[in-house]
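The values are calculated or read from the model by the stated rules, or taken from the named source; none is laboratory data. Everything numeric here is computed off the predicted structure, so don't read it as measured data. Here the Cβ positions follow ideal geometry from the backbone for every residue, glycine too, while neighbour counts run over all protein chains shown. All accessible areas refer to the heavy atoms of the entire protein, side chains included, with ligands and DNA or RNA removed. Shrake-Rupley method; radii C 1.70, N 1.55, O 1.52, S 1.80 Å.
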Amino acid sequence: MKKNSKAKKALLSLCLAASLCAAVPLSASAAAAPQEISQSASVQTISTTVEYFSDGSYLTTEIQEVVAPQTRATYTKSGQKTLTFRDSNGKILWTYVLAANFTVNPGVSATCTSASGTPVVYASDWSLVSHKPSRSGNKASATVTMQRKVLGNVVETKTETTTLTCDKNGNLS
């Protein structure tokens with residue numbers, strides 16, 4: 001009986017730990033890290049912009065890059081662009097992270113080699129309709145559509161298109 005009780009406690013502890021991990025949202029940089037970040041690398045915020053809407057809600061857009069020592073002439077540059085949609089009280093309703101990797105040949109060219117998107121919905125009345133990340137040349141892009149429903153009826157739809165670009169010198173914008 002004690003073995004069975006210990007097994008139940010272990011299973012309960014495991015389930016509790018898993019539910020806590022699922023309930024706590026990852027930071028934007030952890031949620032969509034485009035590749036493993038080495039210990040000598042760091043994440044740096046390049047820019048932040050805010051767009052306000054007539055109902056008081058607003059969308060924050062933040063561009064971040066992974067800064068790592070470069071040991072070769074041609075190197076990989078990783079970055080992400082995070083959209084954070086908040087209501088008029090500042091409560092986060094949803095986020096979308098566009099993450100991308102670029103191959104940079106300094107002073108010559110940059111090419112987007114991968115693009116991925118991670119939507120996270122925080123408010124129960126909002127849901128993801130669609131998202132489509134893509135890449136072309138030196139750009140990663142994504143279009144995300146979110147909807148807000150009240151009593152089963154769509155009352156608001158937000159469609160945002162975002163682009164992350166890397167120039168020939170490895171600068172993200």
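Listing for the model above:
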quantity: Using θ = phi - 60° and Karplus 6.51 cos²θ - 1.76 cosθ + 1.60, couplings along the range 49-61 (whole Hz; Gly, Pro as x); calculated: 10, 10, 10, 9, 10, 4, 8, x, 6, 8, 10, 9, 10
quantity: Net charge contributed by nearby residues that have their C-beta within less than 9 Å of residue 45 (K/R +1, D/E -1); calculated: -2
quantity: Too-long pairs where the Cα-Cα distance tops 23 Å, listed order kept, from 132/158; 81/132; 77/158; 81/149; calculated: 77/158; 81/149
quantity: Local electrostatic count, residue 95, Cβ distance below 13 Å [Lys/Arg +1, Asp/Glu -1]; calculated: +2
quantity: HN-Hα J in Hz across the range 95-110 - Karplus 6.51, -1.76, 1.60, θ = phi - 60°, x for Gly and Pro; calculated: 10, 9, 10, 9, 10, 8, 10, 10, 9, 10, 10, x, x, 10, 6, 9
quantity: Amide proton proximity set for residue 122, modelled H, under 5 Å, gap of 5+; calculated: 94, 95
quantity: Cβ-Cβ FRET estimate between residue 53 and residue 151, R0 fixed at 22 Å, reported to 0.05; calculated: 0.45
quantity: Heavy-atom accessible surface of the range 87-173: percent carbon and sulfur, 1.4 Å; calculated: 45
quantity: Size of the range 91-173 as Cα extents on the principal axes (Å, biggest first); calculated: 55, 22, 14
quantity: Integer Hz, Karplus 6.51/-1.76/1.60 couplings in order for the range 127-144, x for Gly and Pro; calculated: 8, 7, 9, 6, 8, 9, x, 8, 9, 7, x, 9, 10, 10, 9, 7, 10, 10
quantity: Residue-normalised accessible area of the range 94-173, expressed per residue, 1.4 Å probe, Å²; calculated: 48
quantity: Summed residue charge, Cβ within 9 Å of residue 163's Cβ, Lys/Arg positive, Asp/Glu negative; calculated: +2
